[in-house]
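Data block below; observations after.
The values are calculated or read from the model by the stated rules, or taken from the named source; none is laboratory data. Please read these numbers as outputs of a predicted model, since none were measured by experiment. Here the Cβ positions follow ideal geometry from the backbone for every residue, glycine too, while neighbour counts run over all protein chains shown. Remember, those area values only see protein heavy atoms, side chains included, never the ligands or the DNA or RNA. Shrake-Rupley method; radii C 1.70, N 1.55, O 1.52, S 1.80 Å.
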Amino acid sequence: MSCLVSWVHYKLSKYDQSNYLTEKYEHLNWLQKSIEKRKTTLVRVMQAIIDKQNDFFQKGTSYLKPLTIKEIAESVELHDSTVSRAVNGKYVQTPHGLFELKYFFTSSISTNGNDEISSEIVKDLIVEIVKNENKSKPLSDQKILDILSANEGLTLTRRTVTKYREQLGVPSSSKRKRY
């Protein structure tokens, strides 16, 4: 009888081991397919970004165009949330530096000529204006807006200039004043 019990125990344990290994193998296959699908999604999204932002990659950061996640999602036939998750926390090395993929998704600012430019370019212009201002008489947000409107033909509000200046970490005119 004890021999029979040992044999049954042996058979059950072999069966359990087989099930365990099968289950782990299926899990491994699922994991490999998931990783491959994630990689494929990221490659498709990055290729779409390169296609839409080709001037940026060829000429530099001042050629960044307005682009939304929705535009990329439509071009790669994925849901917006899938694209958003795919680019979250991912970076790309470009000839112009290392950028988070979210950097390429910018809102647009209209110009008087009905063209649109990236909000990142507007931020660069604000930094340039502040850098070149008279430090004893710093420019107010309204004056910066006037310069952007006159020189660049941009249509935006003083509040937008303030928001961008704050995002850039540029202090207000009263805090930038040097005596």
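Structure above, values below:
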read-out: Residue match in the range 139-148 (condition: in contact with a Ser or Thr (Cβ under 6 Å, 6 or more places away or on another chain), of a type in the set (S, T, N, Q) and surrounded by 14 or more Cβ atoms within 10 Å (Cβ to Cβ)); value: yes
read-out: Subset of the range 43-85 that is touching a Lys or Arg at 6+ places or on another chain (Cβ under 7 Å) and farther than 17 Å from GLU120 by Cβ - its residue that is surrounded by the most Cβ atoms within 10 Å (Cβ to Cβ); value: VAL76
read-out: The range 59-81, residues that are over 14 Å from PHE105 (Cβ atoms) and in a helix (DSSP H, G or I); value: LYS59, THR61, SER62, TYR63
read-out: Residue match in the range 101-108 (condition: of a type in the set (Val, Ile, Thr), at pLDDT below 90 and not in a helix (DSSP H, G or I)); value: yes
read-out: Enumeration of residues in the range 86-104 that are of a type in the set (A, V, I, L, M, F, W, C), more than 11 Å from VAL45 (Cβ to Cβ) and open to solvent by less than 40 Å² (accessible area, probe 1.4 Å); value: PHE99
read-out: Matching residues in the range 151-179 - criterion: being outside any helix (DSSP H, G or I), of a type in the set (Ser, Thr, Tyr) and either in contact with a strand residue (DSSP E or B) (Cβ under 9 Å, 6 or more places away or on another chain) or surrounded by 15 or more Cβ atoms within 10 Å (Cβ to Cβ) (or both); value: THR155
